[in-house]
Amino acid sequence: MATYLQCIEDGCRLRQEAKKEESHRCAACGGLLEVNYDFPAFDPEEMRQTWHRRRLSGEPVDRSGVWRFRELIPFLEPHDRIISLSEGSTPLVGTRRAGWWAGPVHLTIKHQGNNPTGSFKDLGMTASITRAESRGVRLVACASTGNTSSSMAAYAGRAGMKALLFVPYRQISAAKLAQALDFGALVVEVGDTFDEAFRLLREIAPELGLYLVNSVNPFRIEGQKTIVAELLEQRAWRPPDYIVVPGGNLGNASAIGKGLRELKEMGFIDKVPRVVVIQAEGANPFYRTLAANSPQLIPVEEPSTEATAIRIGRPAN
Ligand SMILES: Cc1ncc(COP(=O)(O)O)c(C=O)c1O
Ligand SMILES: [Zn+2]
């Protein structure tokens, strides 16, 4: 089955072959790329049963809430080694008081803190580090507001790769920094914001031959999108009315959108839930862009919020 990279820009959509030296920018227009496949026709019921059956298996590839749904991310080549820490398979937690406060609505939480390094980033990281491993990469890098760094450091450690991390000066949670250091990442504090750290990293990446695992790496999105399949499975494939996520770089929101679209196209669901993206008032570029109905991103030059993980003014996704 063919896997290809495709530009996400509506006016371009250029398909490009995934080369060994992987670039995450469109060769024609510089736009972001997504991973697409020529999916075979699935029998959704049969597929659901296969996924369900794997939950009883002891194989690492089946224990993972990402790779259990591997038919949705079929970019592996025959001898690829999967780098997994048994991510995913996180619980759905019913709420009463929070749901009452928020509506009242029937609110259920998909508890992503219940991942190996404590955040949803692990879903995408297992995919991008597996991809890096298949490309023979020895050094991975990212800029991060916190959770991506711990996740990258853990998965790079698991794969035996070196990890280089750019974080904004004194702007990430001490716990997350400690975690990344503990897993052996080389940490560089640079710039006043995530956006600045990320810009600097992107500038030096080609020169140093760094493999970036920020969410502009489209394989991150692939791993991350499996959360939708898991969530639907836990709900007996009945889609909720809304899926609500915080938005920083908007990788997670993009992944959820891609996952839902694909599952609908393949006949797993007939209704797509509305995706609601929450931003802090002081770091709300996506909100501003939509509210102004602007075709161009309206960035926030000095993003501010206590929620450091989403303190981002120029989302990359
Ligand atoms: C706890 C937490 N919430 C939300 C986000 C934002 O996710 P995204 O950048 O995919 O929008 C992040 C990522 O930085 C995070 O760590
Ligand atoms: Zn393009």
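Only the coordinates and a few stated rules stand behind these numbers; no lab work does. It should be emphasised that the depicted structure is a prediction, and the values quoted were computed from it without experimental measurement. Cβ coordinates were reconstructed from backbone atoms using ideal geometry, including for glycine residues, and neighbour counts include every protein chain displayed.
Here are some notes:
- Gained length - GLU46 relative to LEU181, 0.36 nm times residue gap less alpha-carbon distance: 44.2 nm
- For the stretch 181-317, the relative contact order is 25 percent, taking Cα pairs closer than 8 Å that sit 6 or more residues apart in sequence and dividing their mean separation by the residue count.
- Seen from every direction in turn and averaged, the convex hull around the alpha carbons of the stretch 160-202 projects onto 3.0 nm².
- For the stretch 99-238: Kirkwood Rh in Å [reciprocal of mean 1/r, alpha carbons]: 15.9 Å
- Taking 0.36 nm per residue of separation and subtracting the Cα-Cα distance, full extension of the segment from ALA236 to ARG25 would add 72.2 nm.
- In the stretch 147-261, Cα pairs under 8 Å separated by at least six residues give a relative contact order of 21 percent.
- Once the Cα gyration tensor of the stretch 171-234 is diagonalised, semi-axes √(5λ) in Å: 27, 18, 12
- Looking at the chain, the DSSP beta bridges with both ends there are about 40 percent antiparallel.
- Using equal-weight Cα scatterers in the Debye expression, the normalised intensity of the stretch 244-317 in log10 at q = 0.12 Å⁻¹ is -0.37.
- Here the stretch 17-173 was treated as a single set of alpha-carbon atoms; its pair distances binned every 10 Å from 0 give 9, 29, 34, 21, 6, 0 percent.
- Within the same chain, aspartates and glutamates fewer than 8 places from LYS110 are excluded, and of the rest, those with a Cα less than 17 Å from its Cα are GLU87, ASP122, GLU230, GLU233, ASP241.
- Measuring nothing but how far apart in sequence close Cα pairs (under 8 Å, 6+ apart) lie, relative to its length, the stretch 89-222 scores a relative contact order of 24 percent.
- As an equivalent ellipsoid, the chain spans semi-axes of 27, 25, 21 angstrom, where each value is the square root of five times an eigenvalue of the C-alpha gyration tensor, largest first.
- For GLU222, net neighbour charge (Lys/Arg +1, Asp/Glu -1) across residues whose Cβ lies under 11 Å away: +3
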